[in-house]
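Just so you know, all these numbers are worked out from the coordinates, no wet-lab data involved. Treat the numbers as computed from the prediction; the structure is a model and nothing was measured. Positions of Cβ are generated from backbone atoms using ideal geometry, with glycine treated the same way; all protein chains shown enter the neighbour counts.
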Amino acid sequence: MSGLRERKKRETREALMTAALRLALERGLENVRAEDIAAAGGVSPRTYNNYFPSKYAAITARHTDRVRATVAALRARPAAEPLWEALTEAAIAPWARQAGRAGEAPDPELPASIRMLADEPALRAEALRTALEGEAELTAAVAARTGTDPVRDLYPGLVAVTVTAAVQGAVAHWLRADPPVPLVPLLREALEQLAAGLPAPRPEDREER
């Protein structure tokens, strides 16, 4: 029974996230109320408040989930796997589910929702709060994997911040790429360059582009 209840809660949360994004993209953020999201998701406003404290939290929830999924994926990677291989696969995994494989079109909601996060100050603030929480969780996961202390040692926090920045940089590049390019290879390239110490591009590398 508890398993069925948890599945129902996940389905309700997913329906509310989907409704929040759809309404915000259709109407504009300022024209969406929490009550509208609740109605579109098929629940009462009181039930909605059990899932999200605001419309901003509902709209940014997929971003929140990607951050948490990265941490969970890292903790689940084999203990013997090299750190940067584990980090790369963990960081890519939640994006790959929406971005599609190479040669496949991404979910149209993905670029639209990311652009909305960048354009709306209230959503940026909510996303920043999530990012800071996520960096703390990622720091703890890196510390556990490397045998370091997240408070005393610089390394795990530095890794978490730079991984987050590399993902953000790859996503930003993906959004402005013309012609379009697939996201997952960009993420992998960004994280592999980071793991290699961000070597400066050689002249022959630039000519190939």
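Structure summary
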| read-out | value |
| --- | --- |
| Sequence ranges 87-93, 134-140, 22-28, 190-196, ranked by mean other-Cβ count within 10 angstrom, highest first | 87-93, 134-140, 190-196, 22-28 |
| Candidates PRO94, PRO45, PRO150, ranked by Gaussian network fluctuation over the chain, Cα under 10 Å, top entry | PRO45 |
| Fluctuation leader among LEU21, LEU175, LEU187 - the chain, Gaussian network, Cα springs under 10 angstrom | LEU175 |
| Degrees between helix 83-99 axis and first principal axis of the chain (Cα, 0 to 90, nearest 10) | 40 degrees |
| Residues ASP65, ASP178 arranged by fewest to most Cβ contacts within 10 Å | ASP178, ASP65 |
| Leading residue at positive end of dipole, the chain (Cβ point charges), from LEU4, ALA131, SER54 | LEU4 |
| Calculated FRET value between GLU11 and ALA125, using beta carbons and R₀ = 25 Å, to 0.05 | 0.30 |
| Given [x] 32, 19, 16; [y] 32, 23, 15; [z] 38, 24, 17, the label whose value is semi-axes √(5λ) of the Cα gyration tensor in Å derived from this model | [y] |
| Nearest-0.05 FRET efficiency for ALA40 and ALA144, computed from C-beta distance (R0 45 Å) | 0.70 |
| Mean separation of Cα contacts under 8 Å, 6 or more apart, over the residue count of region 60-198: relative contact order % | 27 percent |
| Dipole moment magnitude, nearest 20 debye, region 60-198 about Cα centre, only Lys, Arg, Asp, Glu C-beta charged | 120 debye |
| Gain on full stretching of the segment that runs from ARG152 to GLN98 - 0.36 nm per residue minus C-alpha separation | 15.8 nm |
